[in-house]
Amino acid sequence: MNMKMMKWFCLAIMPALMMAACCTAPKYQDGCETLNATLWMQTSAEYRMMTTQAYQRARTSVEKALADPTWTAAVEQVGTDFGALPPAIIVDIDETVLDTTGFQAQMIKQGRRFNQALWDEWTRTASAKSISGALAFIKWAAEEKGVTVFYVTNRPVSVEPWTLKNLKNEGFPVAKGVDSIYSKGECGDTSSNKCSRRRRICGDYRVILMAGDNLGDFISGMKDKPENRIKAAEAYAPFWAEKWIVLPNPIYGSWEGAVYGYDHELSGQEVLTRKIDRLMP
């Protein structure tokens, strides 16, 4: 190649090649996709303050609700005669009252993707720690305010004994003589939709507050496109921070599935490519 051709190549072709290389989707590597999110939740002061302030705000809501018999936080209860029912709180478990980022850290270090068998094995260790602010709030609500607490989770019912052990190990109150934990597979519903379990609780209690890290912890039908999920959340604007307390979770949830169409048959690389394609400038 003569000097003239080389100069032309450098000026015209090389920039295009470099741009193409930069725009190529990075390679997927098992475990690494959740590294930053997991580190943030495990190490940042910001995350701890966010969960602490969420539960501090929840105290104000409980005080208001106890003074107002027309108050309910469950959409399943709206329009029913609930005023005389005893008060209750519904909380999710993982990333709402218990911190399960230890499992995420294990997957990262071992270079593995999530699978149900590994998750169930980890939950049987009953080793999750309480989320900052959660224990103090729930003990206050149960022991000082007389509110019954229900833990509604999408952990499978098969691991419920270890879930109960973990909650008790961390000091979370569990009402005597009451089925306090509603796991996936109870109430005749094997789906992740918690509506039927919430409805069961609503028959006997006035639900005054709900807390979770996923839209499905509050309303049904949240496996949808991202824009539809946003619209659904906005439709309940008066509930947020008043009757519903949402905790941050950038690691997993139905928000993530919405990005790649909830297609769990996709490879890790295919999921990563769809995520990158969904980024907005």
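The values are calculated or read from the model by the stated rules, or taken from the named source; none is laboratory data. In this text, all values refer to a predicted model and were calculated from it rather than measured experimentally. Backbone-built Cβ (ideal geometry, glycine too); neighbour counts: all protein chains shown. Ligands, DNA and RNA are stripped out before the accessible areas are found, and what is left, the full protein with its side chains, is counted by its heavy atoms. Shrake-Rupley method; radii C 1.70, N 1.55, O 1.52, S 1.80 Å.
Just a few scattered comments:
- Residue match in the stretch 182-202 (condition: closer than 22 Å to Trp140 by Cα, open to solvent by less than 20 Å² (accessible area, probe 1.4 Å) and among the small types (Gly, Ala, Ser)): no
- Pairs linking a residue in the stretch 270-281 that is within 12 Å of Glu33 (Cβ to Cβ) to a residue that is among the charged types (D, E, K, R), with Cβ atoms under 7 Å and 6 or more positions apart or on different chains, are Leu272/Glu33.
- Count of the stretch 152-195 residues which are without any contact (Cβ under 8 Å) to a residue 12 or more places away in the chain, assigned to a helix (DSSP H, G or I) and among the charged types (D, E, K, R): 1
- Against the conditions (1) modelled with pLDDT of 95 or more; (2) touching a Ser or Thr at 6+ places or on another chain (Cβ under 6 Å), Ala25 satisfies every one except (1).
- Close pairs (8 angstrom Cβ cut-off, 6 or more residues apart or separate chains): touching a residue at least 60 places away in the same chain (Cβ under 8 Å) in the stretch 58-86, open to solvent by 20 Å² or more (accessible area, probe 1.4 Å) and part of a helix (DSSP H, G or I) anywhere: Arg59/Trp140; Trp71/Lys64; Ala73/Phe239; Glu76/Cys195; Glu76/Arg199
- Counting only helices (runs of 4 or more DSSP H) wholly contained in the stretch 218-281, the ones carrying 1 or more residues that are under 15 Å from the mean Cα position of the chain (by Cα) and over 19 Å from Asp30 (Cβ atoms) occupy 226-234, 254-259.
- Residues (among the polar types (S, T, N, Q), part of a helix (DSSP H, G or I) and open to solvent by 40 Å² or more (accessible area, probe 1.4 Å)) located in the stretch 57-111: Thr60, Gln106, Gln110
- Being within 15 Å of Asp92 (Cα to Cα) and in a helix (DSSP H, G or I) is a property that Arg198 has.
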